[in-house]
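So the structure is just underneath, and the comments pick up after that.
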Amino acid sequence: MKVADLSQRDMAGQLTGKGLPIQIGPFWINLRSTIPDLLRHVAFFYSEYETTESARFFDFHITLKNAGGLRRWVKPQVHFLLDEYAPFKPLPYIHAFAMFEWGLNWCIATTAHRYLIIHAAVLEKAGRGIIMPGVPGSGKSTLCAAMALRGWRLLSDEMVLLDPATRAITPVPRPVSLKNESIGIIRDFSAMAEIGLAAKDTAKGTVAHLKPSATSIRLAGVTSRPHAIVFPKFRAGSRTRLTEKAKNSALLEIQENAFNTHILGKVGFESATSLINSCPVFSLEYSQLEEALPIMERLIADSEVPA
Amino acid sequence: MERRWFANAPDQFCWSIWPDEEEAVLFHQGSGDTLMLNPLGEFLLKRLQLERQTPSELTRSAADFFEIDANSELADAVHLSLLTFRSLGLVISDSL
């Protein structure tokens, strides 16, 4: 049963009552909130996700609620609660949906230690996954969004969940987080882009989300294999260039981009090394999406199959 | 009399090395740090994983290994490496 199968009234009733169950990749969350913007966000972005009416265990019980007291009227704020515990300071009320997405990232990154969790986008075509690690501002999410709009299966915009034993990547497809200029770039890039409300003046500037394809959500239970690792770097005015990257510096950056290296220790390091050894690693400098995309297509067409 | 240096928890060192690349990658489980090491740094830490060494002994063995002179420039590089490793918690020294 999908969230879209619920009437608006039923969905709102669950969100404001006992909670709305949503399956996101391998995780089940139970989401509660009375905040209208968040209700609209869930209705728009999570309509294709599975829900259930059966009693079940949840990985995360998440509640977003208004701050009490004077904060209900003066500069209203929103609290994010995980199992009734508030891990963050409250944010402005109008940032509720962005806080939900960031908070859910945090929930996964701090608990899902059966995986090596790498801060990276990952997309797949023809059964071949491309991992794109990147620091904020690298153009990772913009390229990821453009690829998703050109038919690539989105596994994640934020994190690679890598099985240390098998190197399988578990998808956790979620709305793609676009920031500042990227929002307009993606809006102009494709008329198919379904972009939600923008949260302005957040810590990351203006943030809006791109809806993932129904196919990406439907295939969330299908793992993928890494075929290549690409470190993107957006640089205005630069010529698009794909160059091989040294394995040692790639490993160092993967380690720096991993959320749980300190917890997985040797297993995580060996898993990252194994990932680096299993597929070619590249740096991609780009300024134009229309130049970068064919390069990604060629990478997938490359018959070299990872070990 | 020189201090002898040795690796701090040597069983917690994990190496990744590619034959066609000069620098090695070291993950130190104790600190959770991942570092890229030049060939001298890699040599020194591997040596100190095996046995306690003074800076002079390290300088001589590095000179033999890299087939270079055990001159003051190399001794300074060894000394600087040891201080860096100590600040990262990778090596400790015994008391005089």
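Might you let me know whether segment A:263-274 holds any residue that is over 22 Å from B:Asp20 (Cβ atoms) and basic (Lys, Arg)? Yes: one or more hits. Can you tell me which of A:Leu275, A:Leu210, A:Leu264, A:Leu251 is within 23 Å of the chain's Cα centre (by Cα) and away from chain B (no Cβ under 14 Å)? Sole residue among the options that is within 23 Å of the chain's Cα centre (by Cα) and away from chain B (no Cβ under 14 Å): A:Leu210. For segment A:195-214, a residue qualifies if it is under 15 Å from A:Phe45 (Cα atoms) and either without any contact (Cβ under 8 Å) to a residue 24 or more places away in the chain or exposed (fewer than 14 other Cβ atoms within 10 Å of the Cβ) (or both), and the qualifying residues are A:Ile195, A:Ala198, A:Ala214. Exactly one residue out of A:Arg187, A:Arg174, A:Arg114 is among the charged types (D, E, K, R), within 15 Å of the chain's Cα centre (by Cα) and at pLDDT 95 or above: that is A:Arg174. Taken residue by residue, segment A:74-81 has at least one member that is in contact with a Gly (Cβ under 6 Å, 6 or more places away or on another chain), outside any helix (DSSP H, G or I) and modelled with pLDDT of 95 or more.
Is there a residue in segment A:76-87 that is on the phi < 0 side of the Ramachandran plot, open to solvent by 70 Å² or more (accessible area, probe 1.4 Å) and charged (D, E, K, R)? No - not one qualifying residue is present in segment A:76-87. Residue check: A:Asn257 meets all listed conditions (1) farther than 15 Å from B:Ser16 by Cα; (2) within 14 Å of chain B (Cβ to nearest Cβ); (3) surrounded by 21 or more Cβ atoms within 10 Å (Cβ to Cβ) but one, namely (3). The set of residues in segment A:148-161 that are within 14 Å of the chain's Cα centre (by Cα) and of a type outside the set (Gly, Ala, Ser) comprises A:Arg153, A:Leu154, A:Leu155, A:Asp157, A:Glu158, A:Met159, A:Val160, A:Leu161. Considering segment B:18-32, the residues that are under 15 Å from A:Thr273 (Cβ atoms) and more than 8 Å from chain A (Cβ to nearest Cβ) include one that is farthest from the chain's Cα centre (by Cα), namely B:Pro19.
Here B:Arg60 fulfils each of the conditions (1) in contact (Cβ under 8 Å) with a residue 12 or more places away in the chain; (2) open to solvent by 30 Å² or more (accessible area, probe 1.4 Å) apart from (1).
Scanning segment B:45-58 for any residue that is more than 14 Å from chain A (Cβ to nearest Cβ), within 13 Å of the chain's Cα centre (by Cα) and in a strand (DSSP E or B) turns up at least one such residue. Residues in segment A:119-130 that are open to solvent by less than 10 Å² (accessible area, probe 1.4 Å) and over 10 Å from A:Ser156 (Cβ atoms): A:Gly129, A:Ile130. The residues of segment B:33-44 that are surrounded by fewer than 16 Cβ atoms within 10 Å (Cβ to Cβ) and more than 13 Å from the chain's Cα centre (by Cα) amount to a single one, B:Asp33.
Of the residues examined, A:Leu284 is not one that is in contact (Cβ under 8 Å) with a residue 40 or more places away in the chain, over 17 Å from the mean Cα position of the chain (by Cα), within 30 Å of A:Gly184 (Cβ to Cβ) and open to solvent by 10 Å² or more (accessible area, probe 1.4 Å). The set of residues from segment A:228-253 being of a type in the set (A, V, I, L, M, F, W, C) and under 18 Å from A:Ser141 (Cβ atoms) comprises A:Ile229, A:Val230, A:Phe231, A:Phe234, A:Ala236.
If you check B:Glu2 against the conditions, is it within 14 Å of another protein chain (Cβ to nearest Cβ) and in contact (Cβ under 8 Å) with a residue 12 or more places away in the chain? When the stated conditions are applied, B:Glu2 does not pass them.
The values are calculated or read from the model by the stated rules, or taken from the named source; none is laboratory data. Nothing here was measured: the structure is a model prediction, and the numbers come from that model. Neighbour counts run over all protein chains shown; Cβ positions are idealised from the backbone, glycine included. Heads up: the accessible areas ignore ligands, DNA and RNA and are worked out on the full protein's heavy atoms, side chains in. Shrake-Rupley method; radii C 1.70, N 1.55, O 1.52, S 1.80 Å.
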